[in-house]
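What follows is a short report on a single structure.
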Amino acid sequence: MLQEQTCKAAYRETEARDRCILIMELDRFQSRSIMIANRVLACASLPLIGFGILVYLGRRRTGKKGQRT
């Protein structure tokens, strides 16, 4: 609704208004997609960091044991 009003105010021609509305819809879709991706990355980052630390510590411990024997 706001998109249509903005495009009607900016463009008089029907084709230009349609293009404006299409661009605004694509922009909104892209913004939502980026927002979802950011939320997924934010939720997954801490467990991945913790898992990476555990793997690093596990390799570090096994490396020390292997050098002693």
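Derivation of every value follows stated rules applied to the coordinates shown; laboratory data play no part. Given the structure is predicted, the values throughout are model-derived calculations rather than measurements. Note that each Cβ is placed from the backbone with ideal geometry, even for glycine, and that neighbours are counted across all protein chains shown.
Taking 0.36 nm per intervening residue step and subtracting the Cα-Cα distance, what contour gain separates GLU25 from ASN38 on full extension? Mind showing how you got there, number by number?
Values: separation 13, 0.36 × 13 = 4.68 nm, distance 1.99 nm.
Extra length available between GLU25 and ASN38 comes to 2.7 nm.
Once Rg/Rh (Cα atoms, Kirkwood Rh) is worked out from the coordinates, which option in (i) 1.57; (ii) 1.04; (iii) 1.16 does it equal?
(i)
If you check each cysteine of the chain for another cysteine whose beta-carbon is under 4.7 Å away, which ones come up empty?
Here CYS43 come out as lacking a disulfide-compatible partner, given the Cβ-Cβ threshold of under 4.7 Å.
If each residue's Cβ is checked for other Cβ atoms within 10 Å, how do ILE21, ILE49 rank with the fewest at the top?
ILE49, ILE21
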